[in-house]
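First up is the structure itself, then whatever we jot down about it.
The values are calculated or read from the model by the stated rules, or taken from the named source; none is laboratory data. As the structure is a prediction and not an experimental result, all values here were calculated from the model. Here the Cβ positions follow ideal geometry from the backbone for every residue, glycine too, while neighbour counts run over all protein chains shown.
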Amino acid sequence: MPREFKRVVRVAESIKRVVAPLLNDWVREHQLGMASVTNVVVSSDMRQSKIYVSLYGCDDARAVVKSINEDRHQFRQSIGRELSLRNVPEIKFLQDDSIRSSDNISRMLDGLNDRDDNA
């Protein structure tokens, strides 16, 4: 019987499970607000992965993501310790703007609703 999920998806979820608490600790340790891992995408050859992060309560999210990427080797070592993988994928942290985008859309829709109510 074939497996329900591809191995790439299972590895991505495992990486997310390992990295999320480590990232929260890292951000809290540096007093930069809060962080959440929103998605992990692993390449089909499982050599590279992109970890999408949402940051809350920080002034310059891009600078924080840059700092996280400077320490990514520590996160990769933790992934290697926790998961039984022959090759641990290279990781890259990216800022996830989907929450900010959805918030902007909600504000625009609220503005349209307010305008319709006043008309």
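Couple of notes before you dig in:
- The condition (being of a type outside the set (S, T, Y), closer than 15 Å to I91 by Cβ and out of contact with any Pro (no Cβ under 6 Å at 6 or more places or on another chain)) is satisfied by just one residue among R10, R17: R17.
- Restricting segment 41-58 to residues that are touching a Gly at 6+ places or on another chain (Cβ under 9 Å) and not small (G, A, S) leaves a set whose member that is surrounded by the fewest Cβ atoms within 10 Å (Cβ to Cβ) is Y56.
- Pairs linking a residue in segment 15-26 that is free of Cβ contacts under 8 Å to residues at least 12 places away in the same chain and farther than 20 Å from G57 by Cα to a residue that is buried (at least 18 other Cβ atoms within 10 Å of the Cβ) and among the aliphatic types (A, V, I, L, M), with Cβ atoms under 7 Å and 6 or more positions apart or on different chains, do not occur.
- Among residues of segment 95-106, those that are surrounded by fewer than 15 Cβ atoms within 10 Å (Cβ to Cβ) and under 20 Å from P21 (Cβ atoms), counted: 1
- Cβ-Cβ under 9 Å pairs, at least 6 apart or on other chains, segment 40-69 side in contact (Cβ under 8 Å) with a residue 24 or more places away in the chain, far side surrounded by 16 or more Cβ atoms within 10 Å (Cβ to Cβ) and acidic (D, E): Y52/D96; V53/D96; S54/D96; L55/D96
- Within segment 89-119, the set of residues being in contact with a strand residue (DSSP E or B) (Cβ under 9 Å, 6 or more places away or on another chain) and modelled with pLDDT of 75 or more comprises P89, E90, I91, K92, F93, L94, Q95, D96, D97.
- Filtered residue count, segment 2-16, keeping only those that are of a type in the set (K, R), in a helix (DSSP H, G or I) and more than 16 Å from S78 (Cα to Cα): 2
- Residue satisfying all of: in segment 28-82; farther than 17 Å from Q95 by Cα and among the aliphatic types (A, V, I, L, M); modelled with the lowest pLDDT among these: M46
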